[in-house]
Amino acid sequence: MQTKFFRLDVLTPVHIGTGEEVDPMSYLMRQEEGEAVCHILDTNAWAADYPDPAELCAEFSGSNIPQMRSFLAGKIDPESYGVRRIRVSDGAILAEYETKLKDQRTTNQLLLSPQMSGNGRTPILPGSSLKGALRTAVIDWLDREQGLRLKNSDYHKALESVLGTITDNAFKQLKISDIEGWADSTLLVEARELRRKEGKTATPKSKCEVLPGRLQGESTASTLFCKLAIGSLNQPTDQRLTLEKIKKSWDWNELAALVNAYLLPRLAAEFDKFYCQPHFARARPVVEKLRERLTNAAPGQMFLRVGHYSQIEFVTVRDNQPQTRQGKDKTPLPYGTTRTLANGVIPFGWVCLTPCSEAEYRQGVTEREAANHAAAARRVARRQEIIQARVQKQLEEAESLRQQQQVAEAEAQRQAELAALAPVDRQLLLLSQSALNENEVIALFTSLPQLEETDRLRVARAIRDLWQADPKKWNKKECSKKQWEKVQQLKKILGED
């Protein structure tokens, strides 16, 4: 068995789902710098870090899901609590999301089918999907060339006769690694069904997250790298897929030619059946490019169709067509009468494997891993910034509260001390602290005649000292006539006239 290295180009959107929809509370969409984006969220981490658990409990203790989602969208920072960022390929998807977000019916939510991913963060293209597509092409060849007649026989026994049992299957000679994609590179598209006969009702489907395709105009994100091993496990130099039961084997180039020969007539038939129709006009240019690439495939270059919406003709043996129910004329109804296209324009599932050197493979993997690591590090750093800012705010609020308490305690002590003083002593202390306003000083001056001699002199001296500091209160040329009269009274009391 020998290892081979490949560049994998995602040509059109690939969606390999998880079998579940995204929890409506685990994602949000919004406009960012002129671009519609969808964030898959780590709401558990956000809830654990939330500064006001009581508020959180109050908001999420009811049954109004739309209200909860609105609260979440307004509070969470997706740059720090986002698991991954998905670009929304069509503004109409964001508009539909916003409309449904405001709808108080809890069942009326936007359904979103996620792409298979590693740890929920980076998209994954399983090696089993590639192997399964390749295997289907080989089985189709066997059915035709070896006369298996899979349609009219025990399917599993017929395959065992050439491939072996599950525990000793010939395809154990082919091992394909899972392929990790680029972080934050996926797209959200609408899986839109178009019927061959225009005007008939289409089956609605969930929005789906996809690996972006090069024929959509993507570049870096659509270029991935993988490795595979081919040959007998017990023979290090062997690099062929061998079916011992029929004495047939293929090297990689021969397998690629077989698979491409399986796909090309199907693509041609699909083009004639669907893409020549006027209502498929927008999809026609992409399909024409696919046909051109497939027709001119280089030696060892293998095209595959993988994932959801790959269409039934491409994932079944030609002579083992689906059995449909009978129509009114007692003949089977036609199958494959619709195409599901990304945003109604681009077919799903086309990829191309091109042999490359080990050095090119390792460089490509290293660049992707570095980019993915940097993306994860940015999220961690952003989350730490938020947590640190929250802690700093809490410290500042605690310090402010401590200072307020100190001021309040000092004021309470001052008031207690004032309350313990005689009225005149209290007024004199307040006067010395500049704690009396203008009217209160005048009122104290007016009370001088009612005071005892000793207190009268003390108060008069205090008022004199206060006014002497202000020329407009003491100097004859600068103060008013009424004020000068007050000055004269003070001087008389103090014996200074």
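The values are calculated or read from the model by the stated rules, or taken from the named source; none is laboratory data. Source: prediction; values computed, not measured. When we count neighbours, we look across all protein chains shown, and the Cβ atoms used for this are built from the backbone with ideal geometry, even at glycine. Just so you know, the surface numbers come from the protein's heavy atoms only, side chains and all, with ligands and any DNA or RNA stripped out. Shrake-Rupley method; radii C 1.70, N 1.55, O 1.52, S 1.80 Å.
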On Cα atoms only, tilt of 481-494 relative to the major axis of the chain in degrees: 60
Long-range HN-HN contacts of Gly181 with modeled amide H, under 5 Å: Ile124, Leu125
Shape category assigned to the range 410-478 from the gyration tensor of Cα positions, a/c cut at 1.5: oblate
Computed magnitude of the charge dipole of the chain (debye, nearest 20; Cβ of K, R +1, Cβ of D, E -1): 1740
The range 222-269 - charge dipole about Cα centre, Lys and Arg +1 at Cβ, Asp and Glu -1, debye rounded to 20: 140
Ile387 paired with Gln2, simple spin-label distance in nm, labels 7 Å along Cα-to-beta-carbon: 5.1
Efficiency of FRET from Cβ geometry, Asp23 and Thr295, R₀ 51 Å, rounded to 0.05: 0.70
Environment charge of Lys175, counting only residues whose C-beta is closer than 15 Å and scoring Lys/Arg +1, Asp/Glu -1: +4
Carbon + sulfur, % of accessible area of the chain - ligands and nucleic acids excluded, 1.4 Å: 49
Values of log10 I(q)/I(0), in the order q = 0.08, 0.13 Å⁻¹, for the chain under a Debye, Cα-only, solvent-free model: -0.66, -1.24
Qualifying aspartates and glutamates (Cα of each under 12 Å from Cα of Lys477; at least 8 residues distant if same chain): none
For the chain: accessible area per residue (Å², 1.4 Å): 53
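Gain in length, Val407 to Glu358, computed as 0.36 nm per residue apart minus the alpha-carbon separation, to one decimal in nm? If you can, show how the numbers build up before the last one.
Working: separation 49, 0.36 × 49 = 17.64 nm, distance 7.24 nm.
Taking Val407 through Glu358 to full extension adds about 10.4 nm, to one decimal.
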Magnitude of the charge dipole, the range 92-213, Cβ model with Lys/Arg +1 and Asp/Glu -1, debye to 20: 420
Summed residue charge, Cβ within 10 Å of Val37's Cβ, Lys/Arg positive, Asp/Glu negative: -1
Whole-Hz ³J(HN,Hα) from phi, Karplus 6.51 cos²θ - 1.76 cosθ + 1.60, for the range 181-195, glycine and proline x: x, 8, 4, 6, 10, 6, 10, 9, 10, 9, 7, 9, 8, 10, 8
Cα lying deepest toward the dipole's positive end in the chain, options Phe274, Thr167, Val441, charges on Cβ: Phe274
Greater than 24 Å apart at Cα, pairs in Lys172/Lys245; Lys102/Lys207; Lys175/Lys273; Lys100/Lys205; Lys151/Lys175; Lys131/Lys205: Lys175/Lys273; Lys151/Lys175; Lys131/Lys205
Of the GluC sites (Glu not before Pro) in the range 65-115, those whose Cβ has at most 10 other Cβ within 10 Å and which sit in DSSP loop: none
Förster radius 30 Å - calculated FRET efficiency between Thr366 and Ala54, Cβ distance, rounded to 0.05: 0.05
Computed FRET value (nearest 0.05) for Glu244 with Thr337, which takes r as the C-beta separation and R₀ as 45 Å: 0.65
Listed peptides 30-36, 453-459 by packing density, highest first (mean Cβ within 10 Å): 453-459, 30-36
Selection from Leu494, Gln392, Ala420 lying farthest towards where the dipole of the range 362-497 points positive, charges on Cβ: Gln392
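Note the full-extension length gain between Gln394 and Glu198 as 0.36 nm times their separation in residues minus their Cα-Cα distance, in nm to one decimal.
Residue separation times 0.36 nm, minus the Cα-Cα distance, leaves 64.3 nm.
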0 to 90° range, to nearest 10: angle between helix 284-295 axis and the chain longest Cα axis: 50
Convex hull volume per residue for the range 148-241, taking Cα atoms only, in Å³: 223
